[in-house]
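S.K.: Mind looking over this structure? Questions follow.
The values are calculated or read from the model by the stated rules, or taken from the named source; none is laboratory data. Bear in mind that the values here come from a model prediction, so they are computed numbers and not experimental data. Methodologically, a virtual Cβ is constructed for each residue, glycine included, from the backbone with ideal geometry; neighbour enumeration extends over all protein chains shown.
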Amino acid sequence: MRTKIVAGNWKMNLDYQEGLALFSEITNMIKDEITGKQEAVICSPFIHLSSLVQLAKGYNKVSLGAQNAHQAEAGAYTGEISAKMIKSVGAQYVILGHSERRQYFAETNALLAKKTDIVLSHGLKPIFCIGETLAEREANQHFAIIKSQLEEGVFHLGVEDFSKLVLAYEPVWAIGTGVTASSAQAQEIHAFIRAEISAKYGKEVAEGITILYGGSCNPKNAPELFAQPDIDGGLIGGASLKSRDFVDILSVFN
Ligand code: PEP
């Protein structure tokens, strides 16, 4: 049975007080309403992380994650945050390769491979995002794009490290647009991802990897998406900023 995860990506939203207030709402609802084995991961801005880790103590269904990490161990990189720092505050996950980082910060698969290595070396779990743009889908390149993101971003890993990853399929055309991939479209890609993993690392590894769907996921469409055999949860942007919506999405796995 794969781990079911619903991860919230707060992006660059919420000041410190707002973040703490939303997190308290979410943890209280989870305590009262979540009955299954699913895990919630809140990926907050760096500023909030240390305090949220403290607030999360005692809630075993809630983990914290960062939204990025620098690829170097330490050094003269003004304004950057290292994997070691993220680990030191008690976070467990790091989103890597989000399409906004690929698009606005020119993060390539080669750079993301380095980030993946350093994040894993500090005992953190990457939530590694892959997905095609609308133009790529329309040109029928989506399978080739996903394959190259896997091959260049994470397929250099040994089997032990690879097994620690969480993957997130996020079609770029569905992120923040209100357009969701249909459950059939999402399942088709998730099955493809699992088949690629199986070809590289074997069936057992492929069957064990949690693969999230992201892109305008909300409480209405989550039940159908999460019912697909290869979809193990969601990476949630907009709806993770509303406690009711986020916990409703999480409760799909109750
Ligand atoms: C995201 O940014 O990872 C995301 C899925 O955003 P949204 O849910 O808002 O589409």
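S.K.: Taking only region 226-246 into account, find how many residues are part of a loop (DSSP other than H, G, I, E, B) and either of a type in the set (A, V, I, L, M, F, W, C) or away from the ligand (no atom under 16 Å from the Cβ) (or both).
M.R.: Of the residues in that region, 5 qualify.
S.K.: Follow-up question, since we're still on this one. Give the residue that is farthest from the ligand (Cβ to nearest atom), with candidates limited to residues of region 160-181 that are touching a Gly at 6+ places or on another chain (Cβ under 9 Å) and aliphatic (A, V, I, L, M).
M.R.: Out of the qualifying residues, it is 166.
S.K.: Any chance region 184-207 includes a residue that's under 22 Å from residue 94 (Cβ atoms), under 15 Å from the mean Cα position of the chain (by Cα), in contact (Cβ under 8 Å) with a residue 24 or more places away in the chain and outside any helix (DSSP H, G or I)?
M.R.: No, because not a single residue in region 184-207 is under 22 Å from residue 94 (Cβ atoms), under 15 Å from the mean Cα position of the chain (by Cα), in contact (Cβ under 8 Å) with a residue 24 or more places away in the chain and outside any helix (DSSP H, G or I).
S.K.: For region 138-161, name all the residues that are crowded, with 19+ Cβ neighbours inside 10 Å and outside any loop (DSSP other than H, G, I, E, B).
M.R.: Of everything in region 138-161, those that are crowded, with 19+ Cβ neighbours inside 10 Å and outside any loop (DSSP other than H, G, I, E, B) turn out to be 142, 146, 149, 150, 153.
S.K.: Restricted to region 119-131, and to residues that are of a type in the set (A, V, I, L, M, F, W, C) and not in a strand (DSSP E or B), which residue is farthest from the ligand (Cβ to nearest atom)?
M.R.: Ranking the candidates gives 120 first.
S.K.: Exactly one of these conditions fails for residue 202: (1) within 15 Å of the ligand (Cβ to nearest atom); (2) more than 21 Å from residue 38 (Cα to Cα); (3) small (Gly, Ala, Ser). Give me its number.
M.R.: Only one criterion in (1) within 15 Å of the ligand (Cβ to nearest atom); (2) more than 21 Å from residue 38 (Cα to Cα); (3) small (Gly, Ala, Ser) is unmet by residue 202, namely (1).
S.K.: In region 207-235, how many are out of contact with any Leu (no Cβ under 8 Å at 6 or more places or on another chain) and not polar (S, T, N, Q)?
M.R.: Residues of region 207-235 that are out of contact with any Leu (no Cβ under 8 Å at 6 or more places or on another chain), as a first pass: 207-208, 215-216, 218-230.
Right, trim to not polar (S, T, N, Q) and you get 207-208, 215, 219-220, 222-227, 229-230.
Residues that pass the stated criteria total 13.
S.K.: Kindly indicate whether residue 223 is surrounded by fewer than 19 Cβ atoms within 10 Å (Cβ to Cβ), more than 10 Å from the ligand (Cβ to nearest atom) and not in a loop (DSSP other than H, G, I, E, B).
M.R.: Yes; evaluated as a whole, the condition is true for this residue.
S.K.: Same structure, new question: Spot the failing condition for residue 196; the list is (1) within 15 Å of the ligand (Cβ to nearest atom); (2) closer than 22 Å to residue 145 by Cα, and only one is missed.
M.R.: Condition (1) is where residue 196 drops out.
S.K.: Hey, can you tell me all the residues within region 208-220 that are surrounded by fewer than 21 Cβ atoms within 10 Å (Cβ to Cβ) and more than 9 Å from the ligand (Cβ to nearest atom)?
M.R.: Listed by number, the residues that qualify are 208, 210, 219, 220.
S.K.: Within the group 67, 92, which residue is crowded, with 18+ Cβ neighbours inside 10 Å and under 27 Å from residue 206 (Cβ atoms)?
M.R.: Values: 92 fails: crowded, with 18+ Cβ neighbours inside 10 Å.
Within the list 67, 92, the selection yields 67.
S.K.: What pairs can you find where one residue is in region 119-133 and on the phi > 0 side of the Ramachandran plot, the other is among the aromatic types (Phe, Trp, Tyr) and crowded, with 24+ Cβ neighbours inside 10 Å, and their Cβ atoms are less than 6 Å apart, with a gap of 6+ or different chains?
M.R.: Matching pairs, first to second residue: 131/169.
S.K.: Quick one: how many residues across region 57-94 are over 23 Å from residue 3 (Cα atoms) and of a type in the set (Val, Ile, Thr)? Explain how you work it out, then say what you get.
M.R.: Taking region 57-94 as the starting set, the residues that turn out to be over 23 Å from residue 3 (Cα atoms) are 69-85, 88-89.
Restricting the remaining residues to those that are of a type in the set (Val, Ile, Thr) gives 78, 81, 89.
Of the residues in that region, 3 qualify.
S.K.: While we're on this one: Quick one: which of 22, 14, 49 is at pLDDT 95 or above and at positive phi?
M.R.: Checking each option against the conditions leaves just 14.
S.K.: Out of all the residues in region 98-118, which are within 16 Å of the ligand (Cβ to nearest atom), in a loop (DSSP other than H, G, I, E, B) and either surrounded by 19 or more Cβ atoms within 10 Å (Cβ to Cβ) or at positive phi (or both)? Full working, then the answer.
M.R.: Taking region 98-118 and keeping what is within 16 Å of the ligand (Cβ to nearest atom), we get 98-105, 107, 112.
Add one more test, that the residue is in a loop (DSSP other than H, G, I, E, B), and what stays is 98, 105, 107.
98, 107 - these are the residues of region 98-118 that are within 16 Å of the ligand (Cβ to nearest atom), in a loop (DSSP other than H, G, I, E, B) and either surrounded by 19 or more Cβ atoms within 10 Å (Cβ to Cβ) or at positive phi (or both).
S.K.: Just to be sure I understand the filter: pairs with C-beta atoms under 7 Å, separated by 6 or more residues or on different chains, first member in region 95-112 and more than 17 Å from residue 171 (Cα to Cα), second member modelled with pLDDT of 95 or more. Which pairs pass?
M.R.: So the pair list comes out as 110/152; 111/71; 112/96; 112/97; 112/153.
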